[in-house]
Amino acid sequence: MKEMTLNESKRIQIEMLRELDAFCRSHDIKYSVAYGTLIGAVRHKGFIPWDDDIDVTMIRSEFEKFLKIWKSEKYELLVPMRKKRWEFFARIVDPNTYVKFDKFPESPFGVWLTIFPVDSRPDNESEWLKQKKKIDHYATLARFKCTVLTNDKLRNFFKRISHVLAAPLSLEKINQNVMRFATKYEGEHTNKKIVWVNYNTYEQYPASLFDNYVDLKFEDVIVRAMAGYDTYLRTAYGDYMQLPPVEQQQPSHDYTAYYINK
């Protein structure tokens, strides 16, 4: 395998984004670039110079539609909640590449683009806390179920305990419960949306942000973005037009990417 540069990885990701955008437009699927990718589109008209990945979001109904009908001759789809690497979100990956994470060497895949689902949460705070408690409970069980043994004996000891704790329920049943509570308010009118970031981590935004979309330039691709992107970005980052200190201008992921056949 041949190690690739960050710019080479970015070029692959741009082609993924180009294909995703064309597919979504042709099938009337709404999406928005998100996080650093959205900042990049607004502030740099492309990648933030030190960024190393591309993120998009879709409301749950669009996300599920995308998962059902996505087809590509070049890229593979990794669905959420799979056995070897349990995640809330989906990924599009290049099967001709390989990514080795410093912290997760047991879970490699190719250069990727991440798709985050956006769910509804109830306006009533106590109802939201009940929903969140249920999701967190089953997500934690899934994490226990999918932990992988490493060379660290102490960590393996706790991982074996976690496997025992999660044993009574199958992963399929755990996933069904996660989705049952995550989508409990799907289709209802609520004023807030949640974005699943990780196991027990959520971000909350006004639901109206996901109603309308505009076109923005990202490198040489015209992409979709939520019309209220300024509110979204200020909620997530504050003054996102201000560059961070130089010492913080670093890639956010600890990985090395390779070409498989070179």
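The values are calculated or read from the model by the stated rules, or taken from the named source; none is laboratory data. Since the structure is predicted, the reported quantities are computational estimates derived from the model, not experimental observations. We place every Cβ from the backbone using ideal geometry, glycine too, and count neighbours over all the protein chains shown.
Listing for the model above:
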{"read-out": "The stretch 56-75, residues that are surrounded by 19 or more Cβ atoms within 10 Å (Cβ to Cβ) and under 25 Å from THR97 (Cβ atoms)", "value": "VAL56, THR57, MET58, PHE63, PHE66, TRP70, TYR75"}
{"read-out": "Residue selected from the stretch 26-60 under the condition over 22 Å from ALA207 (Cα atoms), of a type outside the set (Asp, Glu) and part of a loop (DSSP other than H, G, I, E, B), by the criterion nearest to the chain's Cα centre (by Cα)", "value": "ILE54"}
{"read-out": "Strands (runs of 3 or more DSSP E) (entirely within the stretch 179-262) containing at least 1 residues that are in contact with a Leu (Cβ under 8 Å, 6 or more places away or on another chain) and farther than 21 Å from GLY46 by Cα", "value": "192-198"}
{"read-out": "Residue match in the stretch 223-233 (condition: over 30 Å from ALA142 (Cβ atoms), in contact (Cβ under 8 Å) with a residue 60 or more places away in the chain and among the β-branched types (Val, Ile, Thr))", "value": "yes"}
{"read-out": "Matching residues, the stretch 213-239, being among the basic types (Lys, Arg) and surrounded by fewer than 16 Cβ atoms within 10 Å (Cβ to Cβ)", "value": "LYS217, ARG234"}
{"read-out": "Hits in the stretch 177-200 (condition: loosely packed, with under 12 Cβ neighbours inside 10 Å and at pLDDT below 95)", "value": "GLY187, GLU188, HIS189, ASN198"}
{"read-out": "Residues satisfying the stated conditions in the stretch 26-51, i.e. surrounded by fewer than 19 Cβ atoms within 10 Å (Cβ to Cβ) and touching a residue at least 40 places away in the same chain (Cβ under 8 Å)", "value": "HIS27, VAL42, ARG43, LYS45, GLY46, PRO49, TRP50"}
{"read-out": "Any hit, the stretch 121-132, residues being of a type outside the set (Lys, Arg), part of a strand (DSSP E or B) and modelled with pLDDT of 95 or more", "value": "no"}
{"read-out": "Among the candidates PHE63, PHE23, residue that is outside any loop (DSSP other than H, G, I, E, B), aromatic (Phe, Trp, Tyr) and within 15 Å of THR114 (Cα to Cα)", "value": "PHE63"}
